[in-house]
1. For segment 77-93, does any single residue satisfy the condition of being outside any helix (DSSP H, G or I) and among the hydrophobic types (A, V, I, L, M, F, W, C)?
2. Among all residue pairs at least 6 apart or on different chains, which show Cβ distances below 7 Å where the first residue, located in segment 6-24, is under 17 Å from Lys59 (Cβ atoms) and the second is of a type in the set (Asp, Glu) and modelled with pLDDT under 95?
3. Go through the residues of segment 139-147 one by one and say whether even a single one is within 17 Å of Lys179 (Cα to Cα), touching a Lys or Arg at 6+ places or on another chain (Cβ under 7 Å), in a helix (DSSP H, G or I) and outside the structural domain of His22 (by TED's automatic domain parsing).
4. Report, by residue number, each residue of segment 27-80 that is under 27 Å from Leu140 (Cα atoms) and among the charged types (D, E, K, R).
5. For segment 31-66, how many residues are surrounded by fewer than 17 Cβ atoms within 10 Å (Cβ to Cβ) and assigned to a loop (DSSP other than H, G, I, E, B)?
6. Out of Leu200, Leu170, I need the residue that is farther than 25 Å from Tyr28 by Cβ and out of contact with any Asp or Glu (no Cβ under 7 Å at 6 or more places or on another chain). Which one?
7. Could you please find all residues in segment 181-206 being of a type in the set (Phe, Trp, Tyr) and either exposed (fewer than 14 other Cβ atoms within 10 Å of the Cβ) or in contact with a Phe, Trp or Tyr (Cβ under 8 Å, 6 or more places away or on another chain) (or both)?
Amino acid sequence: MIMSENMSAFDAYRTYLAVQQHFTRKNYNFFKYNGKVKVSEETFLGRKDRYFFEKLARKFKHDDYVDFIVSNYVSGSDHWIGNLMSGENLITMKKWKARIDSLTYTFKEDMIYLNDQEEKLDPSLNPLQGMHPLLYRAWLRQKVSLETMVILDDLVGYGKVWDKHGDKMLKDHVFLMEKYRPFLNNSVQMDRTKFRKIVLDIYAGS
């Protein structure tokens, strides 16, 4: 885990690029490269938007800054740094932290919602002809969290089916889950036995 520390404006810029590349490039891994990318400080000093990074460096320590960028990235916020400076983006980060801090509760409530929509789990995960899976549609409506989707994929591996289905939206979402997974695992201790029991208990009662 990268230790929390104060940042320079250049550190904030480089970390921003590293998170961006992690979520957009198949072969770049933020953790493998310790959040580093090839960029010069001279290039940074020539950027017109460096003021934003100076302000962010004063506001955040490193780990909180990574959480800020990642939480807004996976929420679908505009990724331009100038648009990440609003109070709304801080609220997004706080909501993300709340989900992480109560992940067991979030997962259980999401699974109860899915079970209310469909009594069996498999039909909720499987693409139908001309229709996206219930799980994906629930995520689009913000009824199910991305964290729940990643955990459920860890348990049953539905992402492999979605990836091979041929639907670009599903394929892109599997890519998002794969890229988000290491950040989620870095933020919380995953107890797959506990999460599996939640699923079994909910669907056993259907």
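1. So in segment 77-93, the residues outside any helix (DSSP H, G or I) come out as 77-80, 85-86.
Then keep just the ones that are among the hydrophobic types (A, V, I, L, M, F, W, C); that gives 80, 85.
Yes, there is a match, as at least one residue in segment 77-93 is outside any helix (DSSP H, G or I) and among the hydrophobic types (A, V, I, L, M, F, W, C).
2. Within 7 Å, the pairs are Ala9/Glu54; Phe10/Glu41.
3. Yes, some residue in segment 139-147 is within 17 Å of Lys179 (Cα to Cα), touching a Lys or Arg at 6+ places or on another chain (Cβ under 7 Å), in a helix (DSSP H, G or I) and outside the structural domain of His22 (by TED's automatic domain parsing).
4. Within segment 27-80, Asp64, Asp67, Asp78 qualify.
5. Looking only at that region, the number is 13.
6. On the way: Leu170 fails: farther than 25 Å from Tyr28 by Cβ.
From the options Leu200, Leu170, the qualifying one is Leu200.
7. Here is the first cut: in segment 181-206, the ones of a type in the set (Phe, Trp, Tyr) are 183, 195, 203.
Phe183, Phe195 - these are the residues of segment 181-206 that are of a type in the set (Phe, Trp, Tyr) and either exposed (fewer than 14 other Cβ atoms within 10 Å of the Cβ) or in contact with a Phe, Trp or Tyr (Cβ under 8 Å, 6 or more places away or on another chain) (or both).
Table: residues versus (1) touching a residue at least 24 places away in the same chain (Cβ under 8 Å); (2) not acidic (Asp, Glu).
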{"position": "Phe68", "(1), (2)": "yes, yes"}
{"position": "Glu88", "(1), (2)": "no, no"}
{"position": "Trp96", "(1), (2)": "yes, yes"}
{"position": "Ile100", "(1), (2)": "yes, yes"}
{"position": "Ser124", "(1), (2)": "no, yes"}
{"position": "His132", "(1), (2)": "yes, yes"}
{"position": "Tyr136", "(1), (2)": "yes, yes"}
{"position": "Val150", "(1), (2)": "yes, yes"}
{"position": "Gly159", "(1), (2)": "no, yes"}
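The values are calculated or read from the model by the stated rules, or taken from the named source; none is laboratory data. This one's a predicted model, so the numbers in the text were calculated from it and none came from an experiment. Methodologically, a virtual Cβ is constructed for each residue, glycine included, from the backbone with ideal geometry; neighbour enumeration extends over all protein chains shown.
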